[in-house]
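Before any comments, here is the structure.
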Ligand SMILES: *[C@@H]1O[C@H](CO)[C@@H](O)[C@H](O)[C@H]1NC(C)=O
Ligand SMILES: *[C@@H]1O[C@H](CO)[C@@H](O)[C@H](O)[C@H]1NC(C)=O
Ligand SMILES: [Zn+2]
């Protein structure tokens, strides 16, 4: 946490916020360019500045092969032409509504379809995908948005839950003409302006997806538009689909982000968000051909073991030898790893002593591992909730920060609350690495000495890793080395002060 000093300016701003009241009741304006562009999203939508954001760049070193990822199976995607779908321009994208009976059947829950929409470049810059592969941006990207219909009655209820959404992402490349896309592309002149909608006959939505549904990237992320809730289980297919240049240019030039009655027209293009920090996530991949020397994901058993060790195991063992298991990023290098090992302190760190210590300040039994982790003070009433709901989390944090006269620290506080939670959940499903902050959270109940010992070792190991990287690359990227990227907090906390009370807001994906 950074310091919490507040200027007279801050107090004045706070006063303005409290007296301005219901101003934000319709959801704040946001755009991809200009003063309301993505750099400013987090001032009205704090989650946009928080943890586990999307899109991200699929860098080869972040990929882990997971042989247990099954091919994606979709049901009822071949819609009858008797069905009508709503095609609309919401000022941020072109969106096609989808019926509830369309769903994904190969995920742990049933995820029912809600809508699909696109992100694209412009007629002069043909690149506008959100996810990128080793920095390569595709011409466009389609998102087929689904919600967890096993747990939630509709998408509005699911959108802010940690397991609420599953989105299928499809890269779009310029190439062959795509007849499936023309089934609705041909109507887009009827929705040139913001908030315009028309009904179009349904068609086979499966034909919009790539042929191969077995090759994909998988990670935990967020909506790529405000309010940016980290509620999305992402599946991005490896293989792009193509549309013709003519189709692309039609899409990139037909639409406006402005209303029909606006005097100034604003073209709708370049509607993609920049890649976000990886936040210690790994990206699981269902394929490994073409990826040389790719690491495999650790088994669920190994991951549970690591958590178990953190909660009740020998922390000294972890400090001495288990560092690589804890933070796989610290991959051992010949010769270097030996230096981490210290002579083991006899007695003091024996299993027996440790177990006694543990039962003294026992707060949690090992049987509860993975089900319940210590809840930070911010979360208040949420403690008993099984699902993590981002709207009420936001409300809780706001109230706590108001009490501490620290509302401007909204983004930072949310990050501190959410990151360990999401990181742990994601780690148990191997979509992230454990972060130092998460480890600290887990060892809160342990005796001070042991926890300190472990933390010192971690800090040392990471410093060593940083030094090694500095040697290897003249221009090291410190942020990715340290793991928890503090640097993503807004530089100016006052920018977060214009935040208004949480509410249901318009969102696209
Ligand atoms: C989709 O359904 C239609 C009938 O509504 C059928 O004629 C067509 O062959 C189906 N397409 C596929 C790819 O299954
Ligand atoms: C979603 O479900 C909730 C709870 O059943 C309900 O209150 C709400 O009106 C529904 N929203 C929509 C858009 O259907
Ligand atoms: Zn999207």
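Find all pairs meeting these conditions: Cβ atoms under 6 angstrom apart; at least six residues apart or on different chains; first residue within region 155-180 and without any contact (Cβ under 8 Å) to a residue 40 or more places away in the chain; second residue within 16 Å of ligand 3 (Cβ to nearest atom).
From region 155-180, the pairs are 180/208.
Quick one: is residue 151 away from ligand 3 (no atom under 16 Å from the Cβ), under 20 Å from residue 48 (Cα atoms) and either in contact (Cβ under 8 Å) with a residue 40 or more places away in the chain or not assigned by TED's automatic domain parsing to the domain that holds residue 57 (or both)? Walk me through it before giving the result.
Numbers: away from ligand 3 (no atom under 16 Å from the Cβ): yes; under 20 Å from residue 48 (Cα atoms): no; either in contact (Cβ under 8 Å) with a residue 40 or more places away in the chain or not assigned by TED's automatic domain parsing to the domain that holds residue 57 (or both): yes.
It is false that residue 151 is away from ligand 3 (no atom under 16 Å from the Cβ), under 20 Å from residue 48 (Cα atoms) and either in contact (Cβ under 8 Å) with a residue 40 or more places away in the chain or not assigned by TED's automatic domain parsing to the domain that holds residue 57 (or both).
Quick check on this structure: which one of 166, 180, 207 is within 16 Å of ligand 3 (Cβ to nearest atom) and either in a loop (DSSP other than H, G, I, E, B) or not assigned by TED's automatic domain parsing to the domain that holds residue 427 (or both)? Spell out how you get there, then give the answer.
Details: 180 fails: within 16 Å of ligand 3 (Cβ to nearest atom); 207 fails: within 16 Å of ligand 3 (Cβ to nearest atom).
Within the list 166, 180, 207, the selection yields 166.
Exactly one of these conditions fails for residue 453: (1) in contact with a helix residue (DSSP H, G or I) (Cβ under 7 Å, 6 or more places away or on another chain); (2) modelled with pLDDT under 90; (3) within 23 Å of residue 52 (Cβ to Cβ). Give me its number.
Of (1) in contact with a helix residue (DSSP H, G or I) (Cβ under 7 Å, 6 or more places away or on another chain); (2) modelled with pLDDT under 90; (3) within 23 Å of residue 52 (Cβ to Cβ), only one is false for residue 453: (3).
This table checks each residue for (1) under 22 Å from the mean Cα position of the chain (by Cα); (2) part of a loop (DSSP other than H, G, I, E, B); (3) within 16 Å of ligand 1 (Cβ to nearest atom).
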{"residue": "68", "(1), (2), (3)": "yes, yes, no"}
{"residue": "81", "(1), (2), (3)": "no, yes, yes"}
{"residue": "88", "(1), (2), (3)": "no, no, no"}
{"residue": "95", "(1), (2), (3)": "yes, no, no"}
{"residue": "100", "(1), (2), (3)": "no, yes, no"}
{"residue": "116", "(1), (2), (3)": "yes, no, no"}
{"residue": "126", "(1), (2), (3)": "no, yes, no"}
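Among the residues of region 162-183, count how many are in contact with a helix residue (DSSP H, G or I) (Cβ under 9 Å, 6 or more places away or on another chain) and buried (at least 20 other Cβ atoms within 10 Å of the Cβ).
Pass one, region 162-183, residues in contact with a helix residue (DSSP H, G or I) (Cβ under 9 Å, 6 or more places away or on another chain): 162-165, 170, 172, 174-175, 177-183.
Then drop every residue that is not buried (at least 20 other Cβ atoms within 10 Å of the Cβ), which leaves 162-165, 170, 172, 181, 183.
Matching residues across region 162-183 total 8.
Wholly within region 236-334, which helices (runs of 4 or more DSSP H) include no fewer than the required count, namely at least 2 residues that are under 25 Å from the mean Cα position of the chain (by Cα)? Let's see the steps before the verdict.
On the way: elements: 245-254, 300-312, 315-320, 323-326.
By residue number, 300-312, 323-326.
Give the residues of region 78-98 that are surrounded by 17 or more Cβ atoms within 10 Å (Cβ to Cβ) and either more than 16 Å from ligand 2 (Cβ to nearest atom) or farther than 17 Å from residue 142 by Cβ (or both), sorted by residue number.
Pass one, region 78-98, residues surrounded by 17 or more Cβ atoms within 10 Å (Cβ to Cβ): 79, 85, 87-98.
79, 85, 87, 89, 91, 92, 93, 94, 96 - these are the residues of region 78-98 that are surrounded by 17 or more Cβ atoms within 10 Å (Cβ to Cβ) and either more than 16 Å from ligand 2 (Cβ to nearest atom) or farther than 17 Å from residue 142 by Cβ (or both).
The values are calculated or read from the model by the stated rules, or taken from the named source; none is laboratory data. For clarity, every value in this text was computed on a predicted model and none was experimentally measured. When we count neighbours, we look across all protein chains shown, and the Cβ atoms used for this are built from the backbone with ideal geometry, even at glycine.
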